[in-house]
2 protein chains.
Amino acid sequence: MKKHNFSAGPSILPQEVLQKSAEAILDFNGMGLSLIEISHRSKDFVEVINEARATVKRLMNLSDEYDVLFLQGGASLQFAMVPFNLLKLGGKAAYTDTGVWASGAIKEAKKLGTVDIIASSKEDNYTYIPKDYTVGTEYDYFHCTSNNTIYGTQIKDFPAVDSLMVCDMSSDIFSRELDFSKFDLIYAGAQKNMGPAGATLVVVKKEILGKTGRDIPSYLNYQLHVDKESMLNTPPVFSIYASLLTLQWLENNGGIAAAEKRNKAKAELLYNEIDRNPLFKGFCNVEDRSLMNVSFQLTEESMKEKFDNAWKSAGISGLNGHRTTGGYRASLYNALPIESVQVLVEVMKSL
Amino acid sequence: MKKHNFSAGPSILPQEVLQKSAEAILDFNGMGLSLIEISHRSKDFVEVINEARATVKRLMNLSDEYDVLFLQGGASLQFAMVPFNLLKLGGKAAYTDTGVWASGAIKEAKKLGTVDIIASSKEDNYTYIPKDYTVGTEYDYFHCTSNNTIYGTQIKDFPAVDSLMVCDMSSDIFSRELDFSKFDLIYAGAQKNMGPAGATLVVVKKEILGKTGRDIPSYLNYQLHVDKESMLNTPPVFSIYASLLTLQWLENNGGIAAAEKRNKAKAELLYNEIDRNPLFKGFCNVEDRSLMNVSFQLTEESMKEKFDNAWKSAGISGLNGHRTTGGYRASLYNALPIESVQVLVEVMKSL
């Protein structure tokens with residue numbers, strides 16, 4: 001039986017993506033060769049990576065001022081790459097601290113220069129999104145995390161800032177309509193809304209690069225990846241191909257606008273049950289609730305065994321909360337069908 | 001028809017690895033979930049990565065003084081990670097320049113300190129392996145490239161050095177018996193002899209770490225990866241799984257010793273034909289010929305169309321030489337059966 005997969009990442013992918021990926025591993029494009037045993041410089045793979053880059057730009061409605069890269073190392077490597085490429089020698093950057101990952105980004109930037117944490121919800125266990133702050137021109141860039149997977153918080157209105165704007169969208173990329181042209185650099189690990197682990201999406205406004213005066217390690221230098229059309233070295237072939245399939249699935253199903261509608265319907269269904277059912281409570285501030293990750297807890301710990309048995313019996317998987325928060329976390333990424341949320345809500349009602 | 005795949009990388013993998021990888025994408029371990037949509041911290045995946053690490057140690061006959069990591073970013077990121085982790089502030093490193101990739105490694109190390117190129121075959125278009133050099137204790141480490149894919153040269157006898165010994169084995173790892181305990185750090189992109197693109201193997205003697213005085217970006221810090229058992233962040237799940245399958249295939253087929261025998265037989269067959277057939281000549285010095293990549297050229301350029309048509313008609317793929325050398329390159333990685341070499345030799349004889 002296929003499970004109802006609420007995993008926080010790596011996470012559910014469309015069934016047709018899994019099917020086509022498996023086929024490509026056995027024989028790609030009828031070549032008599034596997035996708036994973038051909039040169040990354042072969043015509044067949046160059047078409048894959050170029051189409052993946054073009055599809056990202058179409059979905060985000062971005063002009064040719066932007067370039068799209070598929071790198072490796074996850075958001076964790078981006079935490080270092082962003083300051084290497086954007087934090088000038090002697091300059092400073094503004095960060096918001098909204099969770100473990102935001103905090104990880106801050107730690108890496110501090111190794112290269114001055115970092116001002118201009119807003120933080122750390123004191124309150126990251127249960128809300130700070131809102132009242134401004135970012136002046138004295139900063140080389142502003143960095144925020146759009147969605148905080150662990151706590152289930154999400155920025156609804158991005159601040160207007162006077163510096164460059166950088167955003168880690170690892171856990172909600174492609175989940176809702178945004179004016180992506182407000183951002184100068186966006187990055188995201190693939191393994192939530194875009195594809196399997198192993199690829200990292202970077203969308204960058206080209207004119208912002210090359211201004212720090214730093215001698216950047218080559219793999220960490222966005223400009224070199226731009227110059228080589230995301231093929232500075234052997235790219236993560238399989239992860240990029242499966243990401244392309246996922247992006248095509250998204251485009252064929254109404255793009256980001258339609259995905260947002262589906263995601264809102266799923267989130268509403270689950271939050272309504274959490275608010276209605278006295279056995280459950282949400283983890284974070286209501287107005288900051290994420291459409292992607294619903295963090296919640298039991299109000300009576302004695303119900304834990306019964307609830308755990310019930311959702312496991314219903315074929316649900318990946319519902320345990322992060323080790324730092326405990327409780328439960330239902331991740332409602334693009335590929336999760338509303339039927340899976342209905343099954344979870346039925347289980348919650350049945351307690 | 002399945003092709004005879006001589007691709008230089010990404011390259012041929014055992015058919016059973018492709019089959020099992022495709023199955024795992026549809027349903028992993030009978031879980032009702034795909035390998036690529038489960039948490040990397042799930043029991044099922046933790047077993048994969050730990051078994052992959054253990055298998056590497058068994059195959060290389062290494063003690064617990066060593067740790068095995070599966071990272072991202074390819075050898076290109078290792079070019080930077082090695083000096084970040086081993087080149088002391090104010091220290092110096094010794095490098096050999098034996099090709100484009102060695103030269104890339106040198107470039108990255110120079111960004112962090114003093115690099116002495118103690119041996120080079122650059123002046124002779126990298127057609128041989130330099131041999132008469134020593135490495136003294138004044139160096140923090142010595143770096144060499146065991147096999148030079150583009151030119152088809154390979155180090156047969158590693159030098160005795162008085163510093164730490166670091167080796168890029170990207171294109172001949174697991175292809176021949178070596179005393180791996182002579183090395184302090186070995187790295188290799190997976191996409192030649194170990195698995196699909198997207199994972200990078202690092203084997204490191206733990207006691208050498210933490211001595212440079214540098215504030216290393218976290219993802220670039222080997223010690224953090226060691227501390228987190230190669231799960232500092234989400235690893236490249238699919239590439240690691242397919243690498244494990246390839247390592248198991250190798251172990252089940254006699255390990256490195258048996259692979260070396262097969263590789264020698266394949267290389268001998270092809271080099272014999274190159275030397276016998278007046279239409280062909282090898283690219284590099286005979287004594288430095290690689291068992292993995294056979295670079296060769298036509299002696300009469302007028303035969304090019306006929307030869308190209310002949311090998312393509314025989315179902316051979318991936319035989320074109322690198323753009324910097326031209327000519328032909330037959331990569332004979334572990335998974336290539338001798339039958340494919342026989343087909344190529346027959347084509348060469350038939351001209």
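No value in this document is a laboratory result; all are computed from the given coordinates. All figures in this text were calculated on a predicted structure; none of them were measured in a lab. Cβ coordinates were reconstructed from backbone atoms using ideal geometry, including for glycine residues, and neighbour counts include every protein chain displayed.
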- Task: With a point put 7 Å past each Cα toward its Cβ, work out how far A:Gln342 is from B:Phe158 in nm, to one decimal.
- Result: 6.1
- Item | Residue among B:Ile12, B:Ile25, B:Ile316 with the largest mean-square fluctuation in a Gaussian network model of chain B, springs linking Cα atoms under 10 Å | B:Ile25
- If the cut-off is a Cα-Cα distance under 12 Å, which aspartates and glutamates reach B:Lys107, setting aside same-chain residues fewer than 8 apart in sequence? A:Asp215, B:Asp97, B:Asp116
- Item | For B:Gly213, label point 7 Å along C-beta direction: distances to other copies, nm | 2.4
- Query: Of A:Lys192/B:Lys57; A:Lys20/A:Lys349; A:Lys43/B:Lys281; B:Lys131/B:Lys182, which pairs sit farther than 25 Å apart, going by alpha carbon to alpha carbon?
  - Reply: A:Lys192/B:Lys57; A:Lys20/A:Lys349; A:Lys43/B:Lys281
- Virtual spin-label span in nm between B:Leu26 and A:Lys264, 7 Å along Cα→Cβ: 3.9
- Task: Give, as ranges by residue number, the residues of region A:321-335 whose backbone N falls under 16 Å from the point 7 Å along Cα→Cβ of A:Met303.
- Result: A:327-330
- Task: Between A:Pro236, A:Pro278, A:Pro83, find the one with the highest GNM mean-square fluctuation for chain A; connect C-alpha pairs within less than 10 Å.
- Result: A:Pro278
- Task: Taking amide H positions as placed in the peptide plane 1.01 Å from N, state which residues far from B:Ile117 in sequence (5 or more) or on other chains have amide H under 5 Å from it.
- Result: B:Tyr95
- In vacuum, with every alpha carbon of chain B counted as one equal point scatterer, what does the Debye formula give for log10 I(q)/I(0) at q = 0.08, 0.15, 0.16 Å⁻¹? Two decimals, please. -0.40, -1.28, -1.40
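Please give the net charge around A:Phe307, taking every other residue with its beta carbon less than 12 angstrom from that of A:Phe307, where Lys and Arg add +1 and Asp and Glu add -1. Let's see the in-between values first.
Values: positive: A:Lys304, A:Lys306, A:Lys312, A:Lys349; negative: A:Glu300, A:Glu301, A:Glu305, A:Asp308.
Neighbourhood net charge equals 0.
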- PRE reach from A:Lys43 (point 7 Å along Cα→Cβ): which of region B:283-310 fall under 18 Å by backbone N? B:305, B:308-310
- Message: Place a point 7 Å from the Cα of A:Ser181 along the Cα-to-Cβ direction; which residues of region A:247-261 have their backbone N under 19 Å from it?
- Response: A:256-257
- Query: When you take every Cα atom in the protein assembly as shown, what is the radius of gyration, and what is Dmax, the widest Cα pair distance, in Å?
  - Reply: 26.0, 86
- Longest DSSP-loop-exposure-free segment, GluC sites (Glu not before Pro), chain B, at most 16 other Cβ within 10 Å: B:66-137
- Message: Using a Debye calculation, one point per C-alpha and no hydration shell, please list log10 I(q)/I(0) for region A:241-282 at q = 0.15, 0.20, 0.23, 0.26 Å⁻¹ in order.
- Response: -0.52, -0.66, -0.73, -0.81
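Could you please rank A:Val100, B:Val68, A:Val294, placing first whichever residue has the fewest other Cβ atoms within 10 Å of its Cβ?
Least crowded to most crowded, the residues run A:Val100, B:Val68, A:Val294.
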- Query: What are the nm distances, shortest first, from A:Gln19 to its equivalents in the other copies, labels at 7 Å along Cα→Cβ?
  - Reply: 2.3
- So, in nm and shortest first, the distances from B:Thr134 to its counterparts in the other copies, with label points 7 Å along Cα→Cβ, work out as 6.9
- Grab the Cα-Cα distance for A:Asn50 and A:Thr114, subtract it from 0.36 nm times how many residues apart they are, and report the gain in nm with one decimal. 19.4 nm
- At 7 Å along the Cα-to-beta-carbon direction for both A:Asn272 and A:Ala257, put a label point, then send me their distance in nm to one decimal. 2.5
